[in-house]
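Data first, discussion second: the structure below is written as structure tokens.
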Amino acid sequence: MARDQIDMTPLQSRDELVAWLEAGVKPPSAFRIGTEHEKIPFTLAEHRPVPYEGAKGIGALLEGMQLLLGWEPIMERGNIIGLYDVTGGGAISLEPGGQFELSGAPVETVHQTQAELMAHLAQVREIAAPLGIGFLGLGMTPTWSREEIPVMPKGRYRIMTNYMPKVGRYGIDMMYRTCTVQTNLDFCSEADMVKKLRVSVALQPIATALFANSPFTEGKPNGFLSFRSEIWRDTDNARAGMIPWAFEDGMGFERWVDYALDVPMYFVKRGDDYIDVAGSSFRAFFDGRNNTLPGQRPTLSDWANHLSTIFPEVRLKRYLEMRGADGVPWGRLPALPAFWVGLLYDNASLDAAWDIVKTWTATERQLLRDDVPRLGFKAKVGNRYVFEIAKECLTLAHSGLRRRGRLDHFGRDESRYLEPLDRIIDSGRSPAEEMLDKFSGPWRGSVEPAYDEYAF
């Protein structure tokens, strides 16, 4: 999760909320790619969770990273909870269970994403190795129970932890045991935003199948290929899901604002304090009707923070966030931005992708979303298997990236980053299925080898 926003201008009208989103519109020449990835820290010696405190804890890791990088520390009540690169816009932050997140800077090409990733990994290793910390590239912690996982010292997470069990079965698992990789992409108009949003929401389960990488819970197969994706189906359905209304006439920035106004809030931040307002809507706050802050009206910061606590499969902020993929080992990370850039940043591929999904009904999209965590490529839309659609999307991504023609120093375009996905399609098996084969074969019924084979 990114840093909390700071802009304390009180809001006067709904138009300001719409304008805040509209400010994301950019000409195609200014389109950027942001990639965020989370990884699971573990102790190299015993494959245990890493606490925040202590000489070999997550706090020490962040302090070491700050010394190495010179980035600004993000502090909360005397604890270092993240780092921010003032010059490039990248950030390092902590998820609730210590999952270590790089929010990449907005870059122009997938080549730059890859370079940023390699630099980050080298830096993290330099600090983490002496502390005896490794990182795992999976969508979910494969061996630990909820109780074993430490809690990071962030106020917003305390509030969310208390609220989650009231609204779904798996919210605590989502917070403490899952990892994702996300890609953030731009739009050049309201219509462009709507088209990209619809295509990417409909195809998010396809990405889930391609990146499915969380088949184990507490040391055993959990019956799913992407249990992380299954977790989101029962985390908090008032703020997650396939947003069927986005496919209805009249979709635009205003419609998103109306949706977000009714999503329950978690917190309001005032100075260093997180005020628990969990369960009341932003609309009530906007009308001065928040019981905890009676008569107070929200600021632009409150709005920006609230938008960052809405979790549909694709999220609109001042850009679009693709949220359907499991965390994966480092070699596969650049494949996610490559996949979505190829589909969404090339108009011919975007049109062709829309042709694939435009006849799907809301019911079909939902069924696809419900089936993919368990069935992966074997899920169906109408009479087509996900595998077939994934193959077609990958072909479109390849041609989109080739037409984009952004070359590296060796004259190669960005389509080379799709190679891990090509291999998955060639084998006909998702990463999770491959891992389950290892579990029942060479791993001899143990998930411990994952800590070597899927480590960063």
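In the set I243, I310, I275, only one residue is within 17 Å of Y163 (Cα to Cα), at pLDDT 95 or above and either of a type in the set (D, E, K, R) or in contact with a helix residue (DSSP H, G or I) (Cβ under 7 Å, 6 or more places away or on another chain) (or both); that residue is I310.
Table: residues versus (1) within 20 Å of the chain's Cα centre (by Cα); (2) among the small types (G, A, S); (3) over 25 Å from K154 (Cα atoms); (4) surrounded by 18 or more Cβ atoms within 10 Å (Cβ to Cβ).
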position: V277; (1), (2), (3), (4): no, no, no, yes
position: A284; (1), (2), (3), (4): no, yes, yes, no
position: G288; (1), (2), (3), (4): no, yes, yes, no
position: P334; (1), (2), (3), (4): yes, no, yes, yes
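Being crowded, with 19+ Cβ neighbours inside 10 Å, among the small types (G, A, S) and in contact (Cβ under 8 Å) with a residue 12 or more places away in the chain is a description that applies to G400. Restricting G59, G34 to those that are touching a residue at least 12 places away in the same chain (Cβ under 8 Å), more than 30 Å from V341 (Cβ to Cβ) and crowded, with 16+ Cβ neighbours inside 10 Å reduces the list to G59. Please determine whether any residue of the range 68-75 is surrounded by fewer than 21 Cβ atoms within 10 Å (Cβ to Cβ), part of a helix (DSSP H, G or I) and in contact with a Ser or Thr (Cβ under 9 Å, 6 or more places away or on another chain). The answer is no, given that none of the residues of the range 68-75 is surrounded by fewer than 21 Cβ atoms within 10 Å (Cβ to Cβ), part of a helix (DSSP H, G or I) and in contact with a Ser or Thr (Cβ under 9 Å, 6 or more places away or on another chain). For the range 174-195, a residue qualifies if it is part of a helix (DSSP H, G or I) and within 15 Å of the chain's Cα centre (by Cα), and the qualifying residues are M174, M175, Y176, R177.
For beta carbons closer than 6 Å, sequence separation of 6+ or different chains, a first residue in the range 108-133 that is more than 17 Å from A455 (Cα to Cα) and a second that is modelled with pLDDT of 95 or more and surrounded by fewer than 19 Cβ atoms within 10 Å (Cβ to Cβ), the qualifying pairs are T109/R406; H111/D408. Among the residues making up the range 191-250, a single one is among the basic types (K, R), surrounded by 23 or more Cβ atoms within 10 Å (Cβ to Cβ) and within 21 Å of E364 (Cβ to Cβ): K196.
Residues in the range 83-108 that are modelled with pLDDT of 95 or more and at positive phi: G98 alone.
Going by what's in this entry, would L367 be described as free of Cβ contacts under 8 Å to residues at least 40 places away in the same chain, closer than 23 Å to D234 by Cβ and surrounded by 17 or more Cβ atoms within 10 Å (Cβ to Cβ)?
In short, yes.
Across the range 232-266, the number of residues qualifying as closer than 18 Å to L17 by Cα and among the aromatic types (F, W, Y) comes to 3.
Of the residues in the range 370-389, not one is under 25 Å from E101 (Cα atoms), part of a helix (DSSP H, G or I), in contact (Cβ under 8 Å) with a residue 24 or more places away in the chain and of a type in the set (G, A, S). Among the candidates R423, R444, R429, R406, the residue that is among the basic types (K, R), within 15 Å of R332 (Cβ to Cβ) and in a loop (DSSP other than H, G, I, E, B) is uniquely R429. Which one of the conditions (1) assigned to a loop (DSSP other than H, G, I, E, B); (2) under 18 Å from R125 (Cβ atoms) does P49 fail to meet, given that it meets all the rest? All conditions pass for P49, except number (2). Test G54 against the criterion of being surrounded by 21 or more Cβ atoms within 10 Å (Cβ to Cβ) and assigned to a loop (DSSP other than H, G, I, E, B), and give yes or no. No: the conditions fail for G54. S13 meets all of the listed conditions (1) within 30 Å of V194 (Cα to Cα); (2) touching a residue at least 12 places away in the same chain (Cβ under 8 Å) but one, namely (2). Go through the range 264-275 and give me each residue that's farther than 16 Å from S308 by Cα and in contact (Cβ under 8 Å) with a residue 24 or more places away in the chain. Hits for the range 264-275 are D272, D273. Kindly evaluate V124 against the criterion of being touching a strand residue (DSSP E or B) at 6+ places or on another chain (Cβ under 9 Å) and at pLDDT below 95. No, not satisfied.
Conditions tested, residue by residue: (1) of a type outside the set (F, W, Y); (2) surrounded by 14 or more Cβ atoms within 10 Å (Cβ to Cβ); (3) over 24 Å from I33 (Cα atoms).
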{"site": "L407", "(1), (2), (3)": "yes, no, no"}
{"site": "G411", "(1), (2), (3)": "yes, no, no"}
{"site": "R416", "(1), (2), (3)": "yes, yes, no"}
{"site": "L421", "(1), (2), (3)": "yes, yes, no"}
{"site": "R429", "(1), (2), (3)": "yes, yes, yes"}
{"site": "F439", "(1), (2), (3)": "no, yes, yes"}
{"site": "S446", "(1), (2), (3)": "yes, no, yes"}
{"site": "P449", "(1), (2), (3)": "yes, yes, yes"}
{"site": "F456", "(1), (2), (3)": "no, yes, no"}
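The values are calculated or read from the model by the stated rules, or taken from the named source; none is laboratory data. Just so we're clear, the structure is a prediction, and the values are computed from it rather than from any experiment. Every residue, glycine as well, gets a Cβ built from its backbone with ideal geometry; the counts of neighbours run over all protein chains shown.
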